[in-house]
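Worksheet: the structure to be examined is printed underneath.
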Amino acid sequence: MKTEEIINSWQIAEFAAMLERHPNTVTQWFNELEKRRIHYNLRVNNEKIFTEHDLEIGKRIVALREAKWPLNGIYSYIESNFDTRPFPDDFNDGETGIDVNSAISRMRDEFSNLLKEAQESIRKEIKYEYEQHMKETLSHITAQMQQELRKQLPEPKPSEQIRAERIERTIATTRIRAKLEQEALELWEQKPDSERKIRTGLFSKSEDVVKMQRFINDYINKYLEARIEEHFKG
């Protein structure tokens, strides 16, 4: 063991903080690397320490986890692409051989994690395809409804026809208004003097022009719309 490695080293709490991960998580990563005989952890007084060498490996594990790599794939990647620390000749992790039950349990856990990731990926893909299908179906239905509504609507009139109809309506309205005004004036003249005249002197009276105009306007407003409709229906 190199002296400089021990000097430039960290305990698990500080080392995990540098990786911005929980100490238990980081411990689990490096314990697994050691169990698989991929990378050896240095120890001082039976306590594991971590060096710059370990920090590079830890950073790569963090990056691959953020990229959604499964742990099994990450460990294989570390073994193939990093200059890992060899194990001392007298290293004994307490296992005299392969623990079949432990290996099976680990494989089961890894398979379960892979299955969950695959299920989640499939679920997202199915959801995306369903949403796309619904959007296409809705778009198709909307287009059909718009087409049917267009068939039910009358054909738009040419601008010249619209202009001619507007002029015709204006002329008709003017004539109808004039006729109504004449009718109102005749009705007004049929009223007794007491209703349509006001006293202007001691012995003289004159037409109440304000009252007359109000009577004519009320008459026109009352019958104008009905007369216009009647005119164009006929």
- Quickly work out the E160-to-E129 label distance, labels modelled 7 Å from Cα along the C-beta direction, and quote it in nm with one decimal. 5.9
- Percent of alpha-carbon pairs separated by more than 13 Å within segment 44-86: 58
- For segment 211-234 and segment 55-73, write down the distance between their C-alpha centroids in whole Å. 88
- Message: Taking every pair of distinct Cα atoms and averaging 1/r, then inverting, what Kirkwood hydrodynamic radius in Å comes out for segment 134-234?
- Response: 18.5
- Task: Work out Dmax and Rg for the chain from the C-alpha atoms and quote the Rg first, both in angstrom.
- Result: 48.6, 144
- Positive dipole terminus of the chain, leading residue within I38, I126, I198 (C-beta point charges): I198
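Where the accessible area of the chain is counted over protein heavy atoms with a 1.4 Å probe, how much of it, in %, is carbon and sulfur?
Numbers: 9270 of 17950 Å².
Solvent-exposed carbon and sulfur of the chain make up 52 percent of the total.
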- Message: I want to verify a result. In a Gaussian network model of the chain, Cα cutoff 10 Å, which of these has the top mean-square fluctuation: N46, N24, N217?
- Response: N217
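How compact is segment 2-78 by the rule of thumb for globular proteins, expressed as Cα Rg over 2.2 N^0.38 Å? All intermediate terms of the calculation are to be shown ahead of the outcome.
Details: Rg = 12.1 Å, N = 77, 2.2 N^0.38 = 11.5 Å.
That works out to 1.05 for segment 2-78.
The values are calculated or read from the model by the stated rules, or taken from the named source; none is laboratory data. What you are looking at is a predicted structure, and each value in this text was computed from that prediction instead of being measured. Every residue, glycine among them, receives a Cβ derived from its backbone with ideal geometry; neighbour counts consider all protein chains shown. Quick note on the areas: whole protein, heavy atoms, side chains included, nothing else; ligands and nucleic acids left out. Shrake-Rupley method; radii C 1.70, N 1.55, O 1.52, S 1.80 Å.
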